[in-house]
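The values are calculated or read from the model by the stated rules, or taken from the named source; none is laboratory data. If you're wondering where the values come from, they're calculated on a predicted model, not measured in any experiment. Methodologically, a virtual Cβ is constructed for each residue, glycine included, from the backbone with ideal geometry; neighbour enumeration extends over all protein chains shown.
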Amino acid sequence: MQHFMYGYKTIFILLLAAGSIQCKPSKKAISDSTAFPGEIVHFVPYKSNPVFAGTGAGTWDSQIRERGYILREDSIYHLWYTGYENGKDKVKYLGYASSPDGFTWTRHKDNPIYSLDWVEDIFVMKEDDTYYMFAEGRDDIAHLLTSADRIHWTEQGPLDIRKVDGVPIPKGAYGTPTVWKENGTWYLFYERGDLGIWLAVSKDLKQWTNVQDDPVIKMGPELYDRFAVAMNQVIKYKGKYYGYYHASAYEDWREWSTCVAVSDDLIHWIKYEKNPIIGDDTSSGIVVNDGKRFRMYTMHPDVRVFFPANDSLP
């Protein structure tokens, strides 16, 4: 995702007007506590936010951007993030930091850990002994990297996404890749110019096929996500799927928020009536189970922690 992609937005609006992209009406948003339990939608900020940020100095990661990702394994928090310097055409590199508590972070001594090419909007999951990183590359093209140790990554190339009929999706940006795996099937959520969230599936990670050629989550009709949507993470909780996504209420994307939707099948989604769950340009949120409850970590424009509102803070 890039925050200023007016060219792609114009193209998609023209396609929508021409009928080339069909968007089904959204189901009505709901706020039922059964569908949206408070412990995964009502959060309050940690008193010492932010917990991680760019250095602010003349380093490769003087600033960080968009979606970083956190995995908690063996009581250690692992953070992958995108660092960059101000300036036109500056490459976005991959950094890594770790923490014993999710509050105090130590940057890896060999950062950036991957500098062969552009890496941003990161999603990481572990399957067996392999870590899979789905990320955006140059020109907002989604690609895959793999690692056996979290630090050393091997490029596997851009994701091959096909329409329902097997024809490659139209050329152009496709990014903010978010993955879920269940019963041997990989589910890939991706956006195109942040103008909708599409879903494709794969059995082998080599080729992905859309489940439908229109978005499974589209913009609006409410104001908070009227101009942009992109998935950050999907979790399964109490038998339902929850998709945390970031959104913008502004045509120039000057401000972002963190929102949530619920689904029974990963295809049909209902947005939370009380979205956004976190606003004020605090977005790219994901939840991390700390062993007691879910914490919400937002990644833009720095890393902040939020705790369930009905829980006691540390």
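In the range 290-314, the residues that are under 20 Å from Glu73 (Cα atoms) reach residues that are surrounded by fewer than 18 Cβ atoms within 10 Å (Cβ to Cβ) and modelled with pLDDT under 95 with C-beta atoms within less than 6 angstrom, at least six apart or across chains, in these pairs: Arg293/Asp311; Phe307/Leu313. Within the range 268-314, if we keep just the residues that are farther than 20 Å from Ser99 by Cα and aliphatic (A, V, I, L, M), the residue that is surrounded by the fewest Cβ atoms within 10 Å (Cβ to Cβ) turns out to be Ala309. Here the condition is being out of contact with any His (no Cβ under 9 Å at 6 or more places or on another chain), at pLDDT 95 or above, closer than 16 Å to Asp213 by Cα and not small (Gly, Ala, Ser); of Ile161, Ile141, it holds for Ile161 alone. Of the residues Glu120, Glu127, which single one is among the charged types (D, E, K, R), in contact (Cβ under 8 Å) with a residue 40 or more places away in the chain and touching a Ser or Thr at 6+ places or on another chain (Cβ under 6 Å)? Only one candidate passes the filter, namely Glu120.
Of all residues in the range 202-252, those that are aromatic (Phe, Trp, Tyr) and more than 16 Å from the chain's Cα centre (by Cα) total 5. Across the range 234-257, the qualifying residues are those that are in a strand (DSSP E or B) and among the aromatic types (Phe, Trp, Tyr), and the one among them that is nearest to Glu39 (Cα to Cα) is Tyr237.
The listed residues are Asp101, Asp74, and the only one of them that is among the acidic types (Asp, Glu), over 20 Å from the mean Cα position of the chain (by Cα) and modelled with pLDDT of 95 or more turns out to be Asp101.
Of everything in the range 49-70 that is farther than 22 Å from Ser257 by Cα and either under 22 Å from the mean Cα position of the chain (by Cα) or acidic (Asp, Glu) (or both), the residue that is surrounded by the most Cβ atoms within 10 Å (Cβ to Cβ) is Asp61.
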